[in-house]
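Read through the structure below, which is laid out as structure tokens, and then see the notes.
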């Protein structure tokens, strides 16, 4: 059974329908990429899956790990193992990265009926994951994303993902705004987290990331629907020919 | 069904203000109402000398001729001063040798108040507990002070209820650094009772003292008045840090009941290089109206004001500070964080005044307001009066709404909505909260979260 199963999903932002019957299945252990032109509904898909207010699924269904994802509150989705890496990570002044992550991790554990992580274990984990994505402990002690460069913010999303260890991650244009070294770091992190139990959906505008993270499948999103699916070669075709013809 | 829902709503409402219980303690009351006889009654109860009584009567006569000021951005219903008790004291033995002799109901009350764990230990006399001196003022009189002996040995004379019917007098002698936080819990318990404690703290040359007050009251439908006076005097090179965590009962969602918290707080930085720091976390009360102030007459003296004022539902707050710069080189810092939710109104009002002979004065003011929801109000009213051209005055102000982006971000990482709000609000208030002693900062953080429960729909 697919880990994430989206069936004929329709969703509105305000009064406007953005997703118009999207169907997609991602199995455990698989990495899928969604590509598409601006305004095709890529970010909306991420927000609808994560349960953001104002992004309303009007019909269709989303099953995650056998559960009705759309019936859950955003924090319940997180605790169930769903993660969304944001295209534009948000700053929260006055709340340290460490405090934010520990609060989030313990909130998830509580909802799953697990005990709090000990302070020592958490610090060890935080240090390891910060290292893995080239962030310093100084970054971890600063306000969440406050004073971070664009690349640092994206790497911080990866630190969060690695630390929260979700079952499934949707990464929304995590590659945009990264220089080549940062891109390699991020891609390396994704590859490291790839496992038979974990699924990924990479939302991206360019195939560049897919040179480093080899997807199992590539889908083209256009007009709120998947209009084409294929193997990794589809990404290259898109890069060569543009979305015009393929998305038509 | 409707009744069931009502009961559920009521239970929910009651669970929000966790300090809303009242304790069944036998009390001595003064006769209801306020006239010269009431004043004489209190004075007699405290066995005061004649001059004290005269001083009180003079104040009373002056007060009778005064009108309630109306310049604040507050809507205050007329207060019937005759419909209240002005003195209520737990009935007990005349002197207490130890906490064991305390009315068990009172001890139970402190437990229910959630007095910080460290302090509970202190109250319970647990060995090895961190030394925080706790003074508990119940309605009008102080019932127990821990560490009196130890403080005396440290050279701090700590006379409770000696001068006024209620409140505290602290004198820290020259060169003494008070070795622990001094802490007072104020509790209005009896019905229809006002609380009018007076606190005077004097730090002699080179002395240091840190003082914290916490306040709660039972949940009652009538409004109750808290009109206290706190005065601080710092001599040469002395420093006083005065922190308040105010959580008087705020009234219900429709503004019924709650404490009127009308308090005068002023400090005199009399000596050169003296310093007074006010920190306040104001989450309770139906109406909060106070301006902890500093008269900076010492050369190079320093005044600080750090404030978090949170209003929810129908609460009103008009609070801020006055920094009166008279001494050359005196400096002041004002950091005010206002948080408004529900249908509440929250005003920062602050005066920075520089006298003509005060050379080289500096002031920095920062006022940030955070709005939760669309029916609340935040207002910033700075008054700046500079009569010396060498002064440097800075004023920064921001008003923002709690951002949907931040809320969603925290929720998507696993926090429920209320936890997300609490986290973001605590981040907003951090600059002020970190001024509080550690254990009280933790309590204050929790308080901010609890006070906002249900405020973001």
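The numbers here are math on the coordinates, done by the rules we state, and not lab data. Here the structure is a predicted model, which means the values were calculated and not measured. Cβ sites come from the backbone with ideal geometry, for glycine too, and all protein chains shown count toward neighbours.
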Projected label distance in nm at residue B:32 and residue A:184, using a 7 Å step from Cα toward the beta-carbon: 8.3
Whole-number percent relative contact order across the stretch A:1-86, with pairs defined as alpha carbons under 8 Å at least 6 apart: 34
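Sum -39500 (n - 2.57) across every DSSP H segment of at least 4 residues in chain A, then divide by the residue count to get the 222 nm mean residue ellipticity, nearest 500. Don't skip to the end; give the middle numbers.
Working: 9 runs with 91 residues, N = 248.
It lands at -11000 deg cm²/dmol.
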Whole-number percent relative contact order across the stretch B:221-375, with pairs defined as alpha carbons under 8 Å at least 6 apart: 19
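How do B:390, B:412, A:96, B:75 line up, fewest other C-beta atoms within 10 Å first? Don't skip to the answer; put the middle values down first.
Working: B:390 13, B:412 26, A:96 18, B:75 10.
Taking fewest neighbouring Cβ atoms as first place, the list is B:75, B:390, A:96, B:412.
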The stretch B:328-381 shape via C-alpha gyration tensor axes, a/c threshold 1.5: prolate
Simple spin-label estimate for residue B:374 and residue B:227 in nanometres, 7 Å along Cα-Cβ: 4.1
Ranked A:243, B:249, B:81, criterion: other C-beta atoms within 10 Å, fewest first: B:81, A:243, B:249
In nm, spacing of pseudo-spin labels at residue B:431 and residue A:138 (7 Å Cα→C-beta vector): 2.2
Cβ-derived FRET efficiency at R0 56 Å, residue A:208 paired with residue B:47, nearest 0.05: 0.05
FRET efficiency estimate (nearest 0.05) - Cβ-Cβ, residue A:25 to residue B:205, R0 56 angstrom: 0.10
Burial ordering of B:211, B:348, fewest other beta-carbon atoms within 10 Å first: B:211, B:348
